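First up is the structure itself, then whatever we jot down about it.
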Amino acid sequence: MVADETVAPAAAGPYGGHGTKPYRAYILGVFMVIYAVNLLDRGLVGLLQEKFKPEFHLSDFELGLLGGPAFALCNAMAGLPLARLAERFNRIGVLSICVALWSVMTACCGLAVSFPMLLLSRFGVGVGEAGCLPPVQSVIADYFPANRRASAISIHLTSVPIGTIAAAAIGGAVADHFGWRMAFVALGAPGILIALICWLTVKEPPRGGGGTTQTPNFRAAIGELMGKPSFWHVALATGLVNFVAVGNGQYVVSFIIRVHHLSLTKIGLILGPLVGGLTIVSVWAVGRILSHLTERDRACLARWPGIGVAIGVPVSVMAYLAPSIWIMVPLQMVGVLCTNAYLISLYTTTQGVVQPRVRATATAVVIMVANVIGYGLGPPAIGALSDFLKDHVVAFGLSDPAHAAAQGLRYALVCGALVNLWASAHYLIGSTKLKKDWVG
C-alpha cells in the first residue's frame, strides 16, 4: 500500500480547507465521475434483470438476492478494513485500486454463464465499491472548510442521478441492441481509465487541517461513535430510506415493463432526463439550503430529511397505483423532491460529529449500516413479497391470473414505501441530539 503523502499545509484556506479553488473544483469533479460510475455499475442489475431473468430461470426473490445481499455482504465485510487502510495510508491510492476492482468485476458480470458466476461477480463489485465513499468523504472534508462542506457534499451527490441517468439511457440502449452481457462489459470497462486518472492527478491533502496526526485505534474510534446518538439515529434512518430506495428501486424498471409495457430504451429516455435531471438540480439546491440553515441550526441536517421523507410516502404510494406511466412519472418527480436530502444529511452529519482521523471509519460504519439494511434486506424482502403476492392477488380479487406477476410487484412496492415513515421518526429524534454531538 502506498504511504500517506500530503500536499503542503500552506494550501490551507481560511476556514480549514486546502488547495486552490480551481483545484478543489477539479477534485470534486473527479469524485463525481467516480461516484457516478459507482452507482451506474451498482444499478445495472436492477436495470437488466428482466433481460437475464429468463435465461437463468430466476424468481423475484433470487433477483433480490443478486441485487442486494450479494453486494451488501462483501461490501459490509470489506468496508471497515478498507476505511482503516485509508486512515493509515494514502486515501487516493486506496480509492483508485477499489475503482479498478469494481470496474473489472462489473465487466465480469457480462461474462457469467450461470447464476453462481453472476453472484460471484457481484461479490467482487461489492468489495470494490466498499472502498469508494470512506476515502472520498474524508478527502472532501479535508479539502473543504466546515461552512462549505454541505454544499461540496451536495455537489458530489449530484453524481447519484448522473449515474442513474447514464445507466438507464446508455445501459438500456446497449442491452436492447447488443444484449445484456455487452451492457455490463461496456459500462464496466471505462472505470479502469477513471481509476488511473484519479491516481495520477488527485493529491492527498493534509488531514484535519494539520491538527491530529495520530490515528485512533479501532476500539477508540468505535468508542467515539458510540457516544454520538445523533450519528446512530441518522445512520438507522438512512438505512431504512435505503431499504425503500434500493429495495423498490431494483424493481422499478421491472414494474414499468410488466405494468406499463415499455422497452428499456424508452424507460431510459423517460426516467433519465425527467427524474434524473430534476434530482441533479434539486440535490444541488438542497445542499445550498442546508448549508445556509445549518449555520444557524445544526438540527436542520436531520430535521429537513425527516419531514421530507414522511411527505414522500403518500406520493410514492400514488405513483405505484397510477394507471398510466404519464401519471406515475410526475408523482415520482415529486417524491424525489421530498426525499433527496437524506444523503446530504448522512455524510455531512458523519463528517461533523467525529474528529478528522475517525472520519473514514465513521463513513464506513454508516455505509455498512445503510447497506446492510438497504441492500442486504431491501431487494430480497421486496422480491419475496412480490412472489408471495403474485400467488395471492388473484385470491384477494386484486388481479386476474394473466397479470398476477405485475400486480404482485405493484403491491409489494406500495408496502415497501411505507417503511419511510419509520425512517422519518429516527431523523426527527436524531435532530434533537445533533447540536450536542457536533465537533466541526
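Things to note:
- Verdict on Arg298 being among the basic types (Lys, Arg), modelled with pLDDT under 90, surrounded by fewer than 20 Cβ atoms within 10 Å (Cβ to Cβ) and closer than 23 Å to Ser154 by Cα: no
- For region 156-169, the criterion of being in contact with an Asp or Glu (Cβ under 8 Å, 6 or more places away or on another chain), within 17 Å of Ile289 (Cβ to Cβ) and part of a helix (DSSP H, G or I) is met by none of the residues.
- Matching entry among Ala83, Ala72, Ala78 (being open to solvent by 10 Å² or more (accessible area, probe 1.4 Å), among the small types (Gly, Ala, Ser) and either farther than 30 Å from Pro216 by Cβ or under 18 Å from the mean Cα position of the chain (by Cα) (or both)): Ala78
- Taking region 425-440 as the range and being surrounded by fewer than 22 Cβ atoms within 10 Å (Cβ to Cβ), of a type outside the set (Val, Ile, Thr) and assigned to a helix (DSSP H, G or I) as the test, the residues that pass are Ala425, Leu428, Lys435, Lys436, Asp437.
- Exclusive hit being open to solvent by less than 40 Å² (accessible area, probe 1.4 Å), touching a helix residue (DSSP H, G or I) at 6+ places or on another chain (Cβ under 6 Å) and not in a helix (DSSP H, G or I), set Ser399, Ser345: Ser399
- Selected residue (criterion: farthest from Asn217 (Cα to Cα)) from residues of region 86-103 that are open to solvent by 20 Å² or more (accessible area, probe 1.4 Å) and of a type outside the set (Gly, Ala, Ser): Leu101
- Any hit, region 296-309, residues being within 30 Å of Lys435 (Cβ to Cβ) and of a type in the set (Val, Ile, Thr): yes
- Residue ID - nearest to Trp180 (Cα to Cα), chosen from residues in region 230-269 that are polar (S, T, N, Q) and open to solvent by less than 10 Å² (accessible area, probe 1.4 Å): Ser254
- Taking the conditions (1) free of Cβ contacts under 8 Å to residues at least 60 places away in the same chain; (2) open to solvent by 20 Å² or more (accessible area, probe 1.4 Å) in turn, Val419 satisfies each one other than (1).
- Condition check for Ile170: touching a helix residue (DSSP H, G or I) at 6+ places or on another chain (Cβ under 6 Å), touching a residue at least 12 places away in the same chain (Cβ under 8 Å), within 30 Å of Lys51 (Cβ to Cβ) and open to solvent by 30 Å² or more (accessible area, probe 1.4 Å): no
- Residue match in region 303-310 (condition: under 30 Å from His260 (Cβ atoms) and surrounded by fewer than 20 Cβ atoms within 10 Å (Cβ to Cβ)): yes
- Given (1) touching a Cys at 6+ places or on another chain (Cβ under 6 Å); (2) within 13 Å of Ser138 (Cα to Cα), index of the condition Glu87 fails: (1)
- Matching entry among Ala183, Ala141 (being more than 19 Å from Thr363 (Cα to Cα), hydrophobic (A, V, I, L, M, F, W, C), touching a residue at least 40 places away in the same chain (Cβ under 8 Å) and open to solvent by less than 30 Å² (accessible area, probe 1.4 Å)): Ala183
- A single entry from Leu95, Leu48, Leu82, Leu101 fulfils the requirement of being among the aliphatic types (A, V, I, L, M) and modelled with pLDDT under 90: Leu82.
- Some residue of region 25-41 being open to solvent by 40 Å² or more (accessible area, probe 1.4 Å), in a loop (DSSP other than H, G, I, E, B) and either basic (Lys, Arg) or modelled with pLDDT of 80 or more (or both): no
- Test: residue in region 89-105 that is among the charged types (D, E, K, R) and in contact with an Asp or Glu (Cβ under 7 Å, 6 or more places away or on another chain): yes
- Residue check for Val393: open to solvent by less than 30 Å² (accessible area, probe 1.4 Å) and either part of a loop (DSSP other than H, G, I, E, B) or more than 30 Å from Gly79 (Cβ to Cβ) (or both): yes
- Complete set of residues in region 363-390 that are at pLDDT 90 or above and either part of a loop (DSSP other than H, G, I, E, B) or open to solvent by less than 10 Å² (accessible area, probe 1.4 Å) (or both): Gly378, Pro379, Ile382, Gly383, Ser386
The values are calculated or read from the model by the stated rules, or taken from the named source; none is laboratory data. Quick caveat: nothing in here was measured; it's all calculated off a predicted structure. FYI the Cβ positions are ideal-geometry reconstructions off the backbone, even for glycines, and counts take in every protein chain you see. Note: accessible area is taken over every heavy atom of the protein model, side chains too, but ligands, DNA and RNA are not part of it. Shrake-Rupley method; radii C 1.70, N 1.55, O 1.52, S 1.80 Å.
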